[in-house]
Each structure stands twice: as C-alpha cells, then as structure tokens.
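Below is one structure, written out as structure tokens, with a few remarks after it.
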Amino acid sequence: MADKEKRTIVVTGGSRGIGRAICLAFAGPGTSIFFNYFPEDPEAPVTEKLVAETGGSAKSLCANVTSEEDMSGFFDKVMEETGRIDVLVNNAGITRDGLLVRMKEKDWDDVLNINLKGSFNCIKIASRIMMKQRSGSIINISSVVGVSGNPGQANYVASKAGLIGLTKTAAKELASRGITVNAVAPGFIESDMTAQLSEKVRENMVAQVPLGRAGTPEDVAGVVSFLASEAGSYLTGQVIHVSGGMYI
Ligand code: NAP
C-alpha cells in the first residue's frame, strides 16, 4: 500500500451525494483525488473546493462510465498526473423505478449500463494498472436491495446484485496481485437520489431501519475509507451493509 498521505484515489460520480462524502473521507494533505460525473454537474467544483480545503487536491472530469473510450481517457489523465491508482470506488449510479411489467426497455438498459457495466469498465482499466503495482483497493457501491430485492426496482436490484457477483469474482481473480475488491451495500441514505421520494415513502423506509434514522453519505464514506485502509487490508470479496440494520 502506498504512503497514506500520497495515495491516488479515483471515485466515480463524486460531484455530489455519497460520492462527494467519499472524496472528502479520503481527502487530506498530499492525497490526489480524481472523480468524474455525467452528464453535467455544477456541484463538481464544490467537491473540488471542499477537498482543497483539507490540503489535498481533487480534479474532476465529465466522463460517462458506460463509455470505455471516456473512461480510458479519464484513467489516462490520472496516470499522466500521478502515475498510480491506489483506490477505485465505483459509486456512480442511477435509479429508474417502476413495476417490472411496465418497465421500459430503455429504463432497464440505462440502469444496467451505468450501475453494472460502468463498474466493469472502470475495474477492467484500473485493475490492469493495480496489477502492475501489485497493490490496490476496489470498492463497489452496491445496495441493500441488491441482496433483499425490492418491488418497483427490478432494474436497479438486478444491477446491484450483479455488482456483488462482479465484486466476488474480481476479488478471486485479483487477490494474488495484492488487490482487494469489496462491496458496500448502503440502506436508505439522505441524498438527491432519495430526495425524489415522497414524504410517505421516506417515512416507511425509515420505519424499516432498526437504528431509527436514515443514513448519511458520511456513514457510507467512513466504511469505504476503512476498506481501503491498512486496518481493512485482510478483507476481500465481502459485502458490508451500511444500513442501520435494515437488512440483517
Ligand atoms: P446521486 O446523489 O444521485 O449522485 C449520483 C452520482 O453519479 C452523480 O455524481 C452523477 O453525476 C453520477 N453519475 C450518474 N450517471 C453517471 C454516468 N453515466 N457516468 C458518470 N457519473 C454518473 O446518488 P447517491 O445517492 O449519492 O448514490 C451514490 C451511489 O450509492 C449509487 O451507486 C447508488 O445506487 C448507491 N446507493 C444509494 C443509496 C441511497 O439511499 N442514496 C442507497 C443504496 C445505494 P451528475 O452529478 O453529473 O448527475
């Protein structure tokens, strides 16, 4: 593992929400953070500024995780600037909810492409770099519903369950090169994604949380940061639920 203060961290979808909190959890003097967003986000410079205030640096690029070409260009830029990648966090994700009998093909494809294929694209590129380094941590942001299932989210649940399978396989393929691969499965977390839900739905969700509150992006970011730390270095292929006990 590289000197903690000099690590290069890549976070997909770091402009806001959980992705921003993850960037900030890694931020500190000497740390280089690179994140992308797509299609556009006026919030990206805010994440950059917040990281700079910690003494670290964050650079963002508009790049679509579904495009291998975009992501190759993104990772080339990271390598040009720092020559290494210590941590990859596959966080970018979307929802397009609806009952499966009425689900449009485009809503299925968009969710699977961004949440699952996007993570595959980034793992494929970053793991080649990490294999040469013989070190690295990859953390995939799945979801509690990827384990439990959830009515109205067939596309999202399939993508997040697929991400768990991808995590376990990548963990087995990359372990001998000193690379760990884990998944974090958040429950109900306050962000733009959940702000779209009605007050009634939000109340119902919180009622299912034994700890009695919605999670914060920082609750998730702390666990991601632990998985990429020396203290988390003997974990690989695991799914860590950060859900206040929503799924036990
Ligand atoms: P969010 O606030 O909606 O942020 C999503 C981020 O992903 C944004 O930065 C967005 O960029 C980026 N993004 C979307 N499509 C992209 C693409 N094609 N290429 C690159 N970046 C893209 O979401 P969040 O709540 O923070 O969720 C983050 C992750 O946690 C997701 O994977 C989500 O499924 C997972 N999660 C969330 C919850 C929850 O309760 N919030 C629970 C379980 C799991 P723009 O800003 O340009 O749109």
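The values are calculated or read from the model by the stated rules, or taken from the named source; none is laboratory data. Keep in mind it's a predicted model, so treat the numbers as computed, not measured. Note: ideal-geometry Cβ built from the backbone for every residue, glycine included; neighbour counts use all protein chains shown. The protein model used for the area step is the full one, side chains on, heavy atoms only, and it has no ligands, DNA or RNA in it. Shrake-Rupley method; radii C 1.70, N 1.55, O 1.52, S 1.80 Å.
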Discussion item. Could you work out [θ]222 nm for the chain from helices alone, using -39500 (n - 2.57) per DSSP H run of at least four and dividing by all its residues? Round to the nearest 500 deg cm²/dmol.
Written reply: -13000 deg cm²/dmol
Worksheet item: Once you wrap a convex hull around the alpha carbon atoms of segment 73-175, what is its projected area averaged over all directions, in nm²?
Response: 6.8
Fill in: Distance from segment 107-127 to segment 213-242 (C-alpha centre basis), Å
21
Discussion item. Probe radius 1.4 Å, ligands and nucleic acids left out: which of 168, 49 has the largest accessible area, and how do the rest follow?
Written reply: 49, 168
Fill in: Kirkwood-Stokes translational diffusion coefficient of the chain, alpha-carbon pairs, 4 °C, 1.567 mPa s, µm²/s
72
Worksheet item: Which ³J(HN,Hα) values, rounded to whole Hz and listed in residue order, are derived for segment 54-59 from phi using the Karplus coefficients 6.51, -1.76 and 1.60 in 6.51 cos²θ - 1.76 cosθ + 1.60 with θ = phi - 60°, glycine and proline given as x?
Response: 8, x, x, 10, 10, 10
Item to complete: Kindly write out, for segment 90-105 in residue order, the coupling ³J(HN,Hα) from the Karplus curve 6.51 cos²θ - 1.76 cosθ + 1.60 (θ = phi - 60°), rounded to whole Hz, with x marking Gly and Pro.
Response: 8, 10, 4, x, 9, 10, 9, 6, x, 5, 5, 5, 10, 5, 6, 4
Worksheet item: Along the charge dipole of segment 77-157, which of 83, 108, 147 sits closest to the positive end, that is, farthest toward it, with unit charges on the beta carbon of Lys, Arg, Asp and Glu (+1, +1, -1, -1)?
Response: 83
Worksheet entry | Compactness relative to 2.2 N^0.38 Å, alpha carbon Rg of segment 24-95 | 1.09
Practice prompt. Skip the ligands, DNA and RNA, and give the accessible area per residue of segment 19-73 with a 1.4 Å probe, whole Å².
Written response: 45
Worksheet, complete the sentence: For residue 168, the lysines lying under 16 Å Cα to Cα, once residues fewer than eight places off in the same chain are dropped, come out as 117, 124, 160
Item to complete: Show the residues, 5+ positions off or on another chain, whose built amide H is closer than 5 Å to the amide H of residue 246.
Response: none
Worksheet item: Kirkwood Rh over Cα pairs of segment 120-248 into Stokes-Einstein at 10 °C, 1.306 mPa s: D in µm²/s?
Response: 103
Worksheet item: Roughly speaking, to the nearest percent, how much of segment 182-236's 1.4 Å accessible area is carbon and sulfur?
Response: 58
Item to complete: Find me the longest stretch of the chain that has none of the exposed GluC sites (Glu not before Pro), where exposed means in a DSSP loop (not H, G, I, E or B) with at most 12 other Cβ atoms within 10 Å.
Response: 54-248
